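J.: Sharing a structure here in structure tokens format.
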Amino acid sequence: HSPQCTPSLTGGLYCFAMAENQQGFDIENLVAQFILTDPDTGDRYIQEGLLPLNRLASGESLPLFTYFAPPVPGTPIVEVQLLSASPVPETGDVFLDIEIVDMKTTIAPDGYSATVSGTVKLVNSKKTASQFWVAAVAYDSQGKVVGVRKLNQQAELSKNSTGDFSIYIYSIAGKIDHVDLFGEATP
């Protein structure tokens, strides 16, 4: 998907682009880069694009994001390029599936920040997780990504125990309409 960029107050540029896994298997170690080109000089600036989680499940989408520090050209051309990704081994228990329940989103009155809380529990796992990640992705009313935040928590999760979390996320480009959560855990 084509990148959407928003200037920062300091003269930098925040960029997002949705990465969609259309493979029939989960992928990990996704490496991408954002390329910013100055149309006047042809100068190119390259920044790594980061996913908020390590794994991108089959059929899922997550935003890649990056920040270009100032100075940034006035009307740059921005593109995103996928460099590599690896299939998650079917036999390995690198990632454990989790479910997020009791999710509660509170958007600030001005619309520029939100707090999201909930509980994480393992799904169909005989193993115990030692840590989990929750990625919060904030969207505006047009469905455009306006914020990404990642929480990493060291917590033992088993089929009998759960983990609670709370994430504060702010918008870099307009009012937050809703927030989606994505998660993963590792043994």
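The values are calculated or read from the model by the stated rules, or taken from the named source; none is laboratory data. All of these numbers come straight from a predicted model, not from anything done at the bench. Glycine gets a Cβ as well: all are built from the backbone with ideal geometry, and neighbour counts include every protein chain shown. What goes into the accessible areas is simple: the full protein's heavy atoms, side chains included, and nothing from ligands, DNA or RNA. Shrake-Rupley method; radii C 1.70, N 1.55, O 1.52, S 1.80 Å.
J.: Sort Tyr45, Tyr14 by heavy-atom solvent-accessible area, probe 1.4 angstrom, most to least. Before the final figure, lay out the partial values.
T.: Working: Tyr45 95, Tyr14 70 Å².
Largest to smallest exposure gives the sequence Tyr45, Tyr14.
J.: Mind checking which lysines have their C-alpha under 18 Å from Lys121, skipping anything on the same chain fewer than 8 residues away?
T.: List returned: Lys104, Lys150, Lys159.
J.: Another question, then. What distance in nm lies between label points placed 7 Å from Cα along the C-beta direction at Thr41 and Asp102?
T.: Here the answer is 5.4 nm between the modelled labels.
J.: How much area per residue is accessible in segment 31-183 when the probe is 1.4 Å and only protein heavy atoms are counted (Å²)?
T.: In whole numbers, segment 31-183 has 54 Å² accessible per residue.
J.: Based on the alpha-carbon gyration tensor of segment 1-80 and its eigenvalue square roots a ≥ b ≥ c, which shape applies: rounded if a/c is under 1.5, prolate if not and a/b is larger than b/c, or oblate?
T.: prolate
J.: Then there's this: 5 Å is the cut-off here: which amide hydrogens, built 1.01 Å from N in the peptide plane, fall below it relative to Ser58, excluding neighbours closer than 5 in sequence?
T.: Those lying under 5 Å, H to H, from Ser58 are Asp26, Ile27.
J.: Dipole of the chain (Lys/Arg Cβ +1, Asp/Glu Cβ -1, origin at the Cα centre): which of Pro89, Gln153, Asn21 lies farthest to the positive side?
T.: Of the options given, the answer is Gln153.
J.: Match the structure shown to one of the listed values (i) -0.45; (ii) -0.40; (iii) -0.54 of log10 I(q)/I(0) by the Debye sum over Cα atoms at q = 0.11 Å⁻¹, computed from it, and give that label.
T.: Only one option fits the structure, namely (iii).
J.: Highest mean first, how do 56-63, 121-128 rank when packing is the count of other Cβ atoms within 10 Å averaged over residues?
T.: 56-63, 121-128
J.: So what J values fall out for segment 155-160 if you push phi through Karplus, 6.51 cos²θ - 1.76 cosθ + 1.60 with θ = phi - 60°, rounded to Hz, Gly and Pro as x?
T.: Ordered by residue, 3J(HN,Hα) equals 7, 7, 10, 10, 5, 9 Hz.
J.: Then there is this: Got the relative contact order for segment 1-124 handy, in percent, Cα pairs under 8 Å and 6 or more residues apart?
T.: 26
J.: Between Gln81 and Ser130, 0.36 nm times their residue separation minus their Cα-Cα distance comes to what?
T.: The span from Gln81 to Ser130 would gain 14.3 nm if fully extended.
J.: Along segment 174-179, what does the Karplus equation 6.51 cos²θ - 1.76 cosθ + 1.60 (θ = phi - 60°) give for ³J(HN,Hα), rounded to whole Hz, x for Gly and Pro?
T.: Each residue's phi maps through the Karplus curve to give x, 7, 7, 9, 7, 10 Hz.
J.: OK, next. Ordering Met18, Met103 from largest to smallest accessible area (1.4 angstrom probe), what's the sequence?
T.: From most exposed to least exposed: Met103, Met18.
J.: In addition: Over the Cα atoms of segment 77-181, what radius of gyration and what Dmax do you get, in Å?
T.: My reading of the Cα-based Rg and Dmax gives 16.3, 51 Å.
J.: With all protein chains present, how much of the accessible area of segment 60-167 (probe radius 1.4 Å) comes from carbon and sulfur, to the nearest whole percent?
T.: It is 47 percent, rounded to a whole number.
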